[in-house]
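What follows is a set of notes on a single structure, which appears directly below.
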Amino acid sequence: MEILDQLSIGLLAEKLEVRPPSLYNHLDGLNGLKQKLAIQGVKKLHEHLLQAAVGRSGDDAIRKISNAYIQFVRMHPGLYEASTRFPDANDKELQQAQESIVHLVVQVLQAYNLKEEMAIHMIRGLRSILHGFTSIEQMGGFGMPLDINKSYSILINTFIEGIHAVAINEDEYMQ
């Protein structure tokens, strides 16, 4: 069972040592709680990625933010799950938090002088790699007796090699 599936207003009230009705003064039910967790998760992820990116550029920055992403998910699996699992996409605060992550990655990719459209494709690719890898890892899907961190390192290095290839001949990749 997913961590988020175990969450309830009753369980939260018990952990906070308050009565469940008291929480409704602060939350719009279970969905409101999950939305607040989604926003908090995205904001915390951004902070974690930002700390990793400061003072770095290019390949080093991609490796550092990718490592920070994996580390964040491993340290905060429930918060990460909340941030990716059906939040209200129309929530302005959530949109701003999500946009801050995209903006950070756009800044990191500026070192490669990609056109805006290609930069967006690369952001989508990196997000897919990181989310896919962490999701499979959380589900226990990497059962082979090989070092999972080595697999991850090879994956990120391959992505970085791909960015270099795209940067050399971007028009070829846009066809």
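Coordinate-derived values only; no laboratory data. No experiment lies behind these values; they were computed from the predicted model shown. Every residue, glycine as well, gets a Cβ built from its backbone with ideal geometry; the counts of neighbours run over all protein chains shown.
Observations
- Within-13-Å neighbourhood charge of Gly32 [Cβ basis; K, R +1; D, E -1]: -2
- Protection proxy ranking, peptides 47-53, 133-139, average beta carbon neighbours within 10 Å, highest first: 47-53, 133-139
- Three-way shape call for the stretch 34-173 based on the alpha-carbon gyration tensor, with the a/c threshold at 1.5: oblate
- Cα centroid separation, the stretch 29-99 to the stretch 126-161 (Å): 18
- Rough spin-label spacing in nm, given labels placed 7 Å along Cα→Cβ, for Glu170 and Asn113: 1.0
- Eligible lysines near Lys36 by straight Cα distance, threshold 18 Å, same-chain separation 8 or greater: Lys15, Lys44, Lys92
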